[in-house]
Amino acid sequence: MQNLSRLSISEAGAFVRAGKIRIPDLVRACLEREASTRGLAAFSDVYGEKALRLAQAHQSLLDDGYDLGPLHGMPIAVKANVDVAGETMTAGSKVLAKNVASSDAEVARRLKQAGAIIIGATNMHEFAWGGTTNNPHFGPCRNPWDRDRIPAGSSGGSAAAVAAGSAIAALGTDTGGSVRLPASMNGITGLRPGVGRISTKGVFPLAWSMDTVGPMARGADDCALLFSVLSGDAGRRRPAVESLRGLRVGVIENYSFDRLQPDIEAAFRAMLETLEKLGASIRPIGLHGLDVAVDAQVIVDAAEPSAVHASLLKDNANDYGEDVRILLHAGMSFTAIEYIQAQRYRTHLRDQLDRHFETVDVILTPTLPFTAPLIGQETVMIGDAEESTLTGNMRFTCIPSLAALPALSFPIGFDRDTLPIGAQIMGPADAEFQLLSIARLYQTQTDFHQRHPE
C-alpha cells in the first residue's frame, strides 16, 4: 500500500485505467502515509473521510466508462491559503480559524474538473509571509529528510507531503520563492509560473504583484501535467524541448557560483556538465544591480502584504504569530518613494533579462546557497562567512520573482548529510513548458528526483 503513494501521476493513472490498482486504494495509501508521518506536520487539515468517499465515486465513474481527465482519482493536496468549497481556509493563521470557503478557488475547481481528489490542506508559513513553515498555530512543519530541519516555506507543508509520499502532488504558492525553496530543500520539483499564467482567484494574497500558484511533484513530467490543467494549456502538453542540443544556457557571472556551500557548488557544476554532455552550451552573462535585488524584494514583499492585512491586523493583532505580526508592522514603515523605487528596479531587472533572453534560452542558478537549516537557525556558515537564512533564501529566487518570470526548481544532488540540493532554471515569459521539458530531459539522465527519505 505504501508503495502506491510513491507512484507518479502518469504511472498511477495508467495503473488505474488498466484496472491494476483501484482509486480507493491509492487514496488510502496516501492517507495512511500521512497518518504514519504526522510528526512532520505537513498537513493542517486532512479531508480523509470525504476523500475516501470521492475515491469510491471516482472509481465507479471509471468502471462505467466515464474518465474525468488526466487527474482522474489522483490524491492531491493544496496549500492552506487555497479556497476549497465547504472546507476551512485558514491561510495557516488563527485569524481565519472560522473562515469556511463558500466556493472553490479557480485552481481547486480546475483540479476537480480534471478528476483530482483533494485530500487536505497543507501546513504553511502563516499567511505565506516567511520561509520556514515554523507555524505557531499548527506546529512547525519538519523536513522529511531530517526532522530537526526546516522544509523551507512558505509552501513547506506541500513539499514535505510530496517528499514523504502523503500526496502524489500538491499545490503551493510562490511570491518570492515559496514553491522553489521548499522544492529544493525537500528534493522535489516545483514550478513558479509567470505572473498571471495560473489564476490566483480564491487564493489568499501575499504580495499581489508577484503572487503565483504553482505545482509541486517529484518530477517535471507531473508538474507539466498539472500546469497544463491549472493554466488551461492542455493543448500544449507536449514538451517544448525534445533535445538539449543547441540549448543556450546562461550562467550569471560573479553570482551563480558566489558564496555557496561546497556541496552546492559541486552539485551545480556537475549539473551543468550533464547539460553540456546532452548538447547544451554554457554562456556567461552579466546582470547589473543584483547587490540590491534582495532589498527591492523585501520592500515589495513587505509593503503589499501590509496593505492586504491593514484592517485584519487592526482588529486581530493578538491572533497573529509574533514573527508575521512584526513583519507586517515593519512593512507599514516603508515610504511610497521606497516602494516606487523598488518597482522601478523591477522594470530595470526585467529589461535586462529580456535582452539576455535574445542570446540565451534559459538562465541557471542554484535555488539556494545552502541546504536545509535546523529549525530556529537564523544564520548559516558558508566558508568563513556567516549568511543570514532570510537573505540567503532570496538571493537567487528573487530574480524571476521581481521580473514576474517563470522559474523551476529541480533536484540536482545531495550534500554530505544527505540533504537535497536544487537548481533554479528561469526563462522568458510563457516559457513554462520549455523549463519543464529541459528539467524532464535532465531527469532522464539522473535519479535525484526519484529518491525519497526513509
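Any idea what the dipole of region 2-236 comes to, in debye rounded to 20, about its Cα centre with Lys/Arg Cβ at +1 and Asp/Glu Cβ at -1?
Working: 24 positive and 21 negative charges, 40 e Å.
With only Lys, Arg, Asp and Glu charged at Cβ, the dipole is about 200 debye.
Please report the orientation-averaged projected area of the chain, defined via the convex hull of its C-alpha atoms, in nm². Could you put the intermediate results ahead of the total?
Working: hull surface 78.4 nm².
Mean projected area of the Cα convex hull: 19.6 nm².
Where in region 248-354 are there GluC sites (Glu not before Pro) that are in a DSSP coil and have at most 10 other Cβ atoms within 10 angstrom of their Cβ?
On the way: sites: GLU253, GLU265, GLU273, GLU276, GLU322, GLU338; in loops: GLU253.
Answer in residue order: no site qualifies.
Longer than 31 Å from Cα to Cα, which of LYS50/LYS98; LYS201/LYS314; LYS50/LYS94; LYS50/LYS314 are they? Say none if no pair is.
Working: LYS50/LYS98 20 Å; LYS201/LYS314 25 Å; LYS50/LYS94 24 Å; LYS50/LYS314 36 Å.
Those over the limit are LYS50/LYS314.
Report the longest stretch of the chain that contains none of the trypsin sites (Lys or Arg not before Pro) sitting in a DSSP loop with at most 10 other Cβ atoms within 10 Å.
Maximal segment without exposed cleavage sites: 246-415.
Of all DSSP beta bridges located in the chain, what percent are antiparallel, nearest 5? The partial results should precede the final answer.
Details: 34 of 50 bridges.
The antiparallel fraction comes to roughly 70 percent.
Can you give the local net charge around SER199? Use residues other than it whose beta-carbon is closer than 12 angstrom to its beta-carbon, Lys and Arg +1, Asp and Glu -1. Present the calculation step by step, with values, prior to reporting the outcome.
Numbers: positive: ARG109, ARG110, ARG197, LYS201; negative: ASP83, ASP104, GLU106, ASP211.
Once positives and negatives cancel, what remains is 0.
Where the only charges are on Cβ atoms (+1 Lys, Arg; -1 Asp, Glu), what is the dipole of the chain about its Cα centre, to the nearest 20 debye?
Roughly 1020 debye for the chain.
Can you find, among GLY232, GLY383, LEU191, the residue sitting farthest towards the positive end of the charge dipole of the chain, where Lys and Arg contribute +1 and Asp and Glu -1 at Cβ?
Checking the options against the dipole of the chain, the answer is GLY232.
Whole number please: convex hull volume per residue, Cα atoms of region 2-236, in Å³. Before the final figure, lay out each step's value.
Details: hull volume 24.1 nm³, N = 235.
Taking the convex hull of the Cα positions in region 2-236, it is 103 Å³ per residue.
Hey, if you put +1 on the Cβ of every Lys and Arg and -1 on every Asp and Glu Cβ in the chain, which of LEU272, ASN135, SER243 ends up farthest toward the positive end of that dipole?
Most positive-ward Cα: SER243.
Of all DSSP beta bridges in region 2-236, what percent run antiparallel (nearest 5)? Please list the in-between numbers first.
On the way: 15 of 23 bridges.
In region 2-236, approximately 65 percent of DSSP beta bridges are antiparallel ones.
Modelled label-to-label distance, THR88 and GLN377, 7 Å Cα→beta-carbon offset: nm?
3.3 nm
For LYS20, give me every one of the aspartates and glutamates with a C-alpha distance below 15 angstrom, ignoring sequence neighbours fewer than eight places off in its own chain.
Partners found: GLU11, ASP63.
Can you give the calculated 222 nm mean residue ellipticity of the chain, where each DSSP H run of n ≥ 4 adds -39,500 (n - 2.57) and the sum is split over every residue, rounded to the nearest 500 deg cm²/dmol? Write out the running numbers ahead of the final one.
Details: 13 runs with 173 residues, N = 454.
When only DSSP H runs of four or more count, the value is -12000 deg cm²/dmol.
Each residue of region 413-430 in turn: what ³J(HN,Hα) in whole Hz from Karplus with 6.51, -1.76, 1.60 and θ = phi - 60°, glycine and Pro shown as x?
Values, residue by residue: x, 9, 8, 5, 9, 6, 9, x, 10, x, 10, 10, 10, 10, x, x, 4, 6 Hz.
Straight-line reach from LYS79: which aspartates and glutamates fall under 14 Å, measuring Cα to Cα and dropping same-chain residues less than 8 apart?
Here the aspartates and glutamates satisfying the reach criterion relative to LYS79 are ASP45, GLU87, ASP104, GLU106, GLU126, ASP174, ASP211.
Just name one of LEU4, ALA163, THR212: the one whose Cα is farthest towards the positive end of the charge dipole of region 2-236 (beta-carbon charges, Lys/Arg +1, Asp/Glu -1).
ALA163
Could you work out the local net charge near CYS141, counting Lys and Arg as +1, Asp and Glu as -1, over the other residues with Cβ closer than 11 Å to its Cβ?
Result for the local shell: +3.
Using modelled backbone amide H atoms (1.01 Å from N, in-plane), which distant-in-sequence or interchain residues come within less than 5 Å of GLN424's amide H?
When sequence neighbours closer than 5 places are left aside, the close amide H contacts are THR365, THR367.
Would you tally the net charge around ILE425, using a Cβ to Cβ cut-off of less than 12 Å, leaving ILE425 out, and scoring K and R as +1, D and E as -1? List each step's numbers first, then the result.
Details: positive: ARG180, ARG192, ARG440; negative: ASP361, GLU432.
Within the 12 Å Cβ shell, the charges total +1.
Where the centre of each part is set by its Cα atoms, how far does region 368-411 sit from region 1-47, in angstrom?
Centre-to-centre distance over Cα atoms comes out at 31 Å.
Every number in this text was worked out from the coordinates using simple rules, so none of it is lab data. Please read these numbers as outputs of a predicted model, since none were measured by experiment. Don't worry about glycine lacking a Cβ; one is built from the backbone with ideal geometry, like all the others, and counts go over all protein chains shown.
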